[in-house]
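Please read the structure below before turning to the comments.
The values are calculated or read from the model by the stated rules, or taken from the named source; none is laboratory data. Every value quoted in this text rests on a predicted model; they were computed, and no experiment measured them. No Cβ is skipped: glycine too gets one built from the backbone with ideal geometry, and neighbour counts run over all protein chains shown.
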Amino acid sequence: MNKERLLKLAEHLLHGKLGHKEFDFNRYNTGEYYSNLLNGICKTSGCAIGECPIVFPDKWEFDSYSGLPKLINHSIYGYPLVSRRSATKFFEISNEEYINLFTPYNKYLNTGVLSADATKEEVALNIINFVNKTTII
């Protein structure tokens, strides 16, 4: 697990200026994003992974075709999975850990179940709790 990257994302969710107008735990990136990609800002709503191109602009981007957040130069096979595959690779977490941290209504790791209407603060605290629980010996 890359706890520094996870904690940087959590810190952004708690205290940073979001790249989306609204946080939506249930959507990567919605709205008319094409014209705003040039400015590095999304137009409407997005989730924690949807904020990765804003937090980590040298590593993440929005795919110019689908609008999905992904690692720069990451293969785009299977559009619905590109963001998940990018996140598991970048944060060095398992698929189950990704699901628990970044998708609603899932509980694999005893960090709590977050609904689709979870706030950015709730998602950030879930990430922090996960990092803290997995680093305790």
Are any residues in the range 100-127 surrounded by fewer than 18 Cβ atoms within 10 Å (Cβ to Cβ) and modelled with pLDDT of 85 or more, and if so, which ones? T119, E121, E122
Does at least one position in the range 63-71 carry a residue that is modelled with pLDDT of 90 or more, of a type outside the set (D, E), more than 20 Å from V123 (Cα to Cα) and in contact with an Asp or Glu (Cβ under 9 Å, 6 or more places away or on another chain)? yes
Residue match in the range 74-88 (condition: modelled with pLDDT of 85 or more, surrounded by fewer than 19 Cβ atoms within 10 Å (Cβ to Cβ), under 20 Å from L7 (Cα atoms) and under 16 Å from the mean Cα position of the chain (by Cα)): yes
Sort out which residues of the range 1-17 are of a type in the set (A, V, I, L, M, F, W, C) and not in a loop (DSSP other than H, G, I, E, B), and write them in order of number. L6, L7, L9, A10, L13, L14
Taking the criterion of being touching a helix residue (DSSP H, G or I) at 6+ places or on another chain (Cβ under 8 Å), assigned to a loop (DSSP other than H, G, I, E, B), at pLDDT below 60 and not small (G, A, S), would at least one residue in the range 18-41 satisfy it? yes
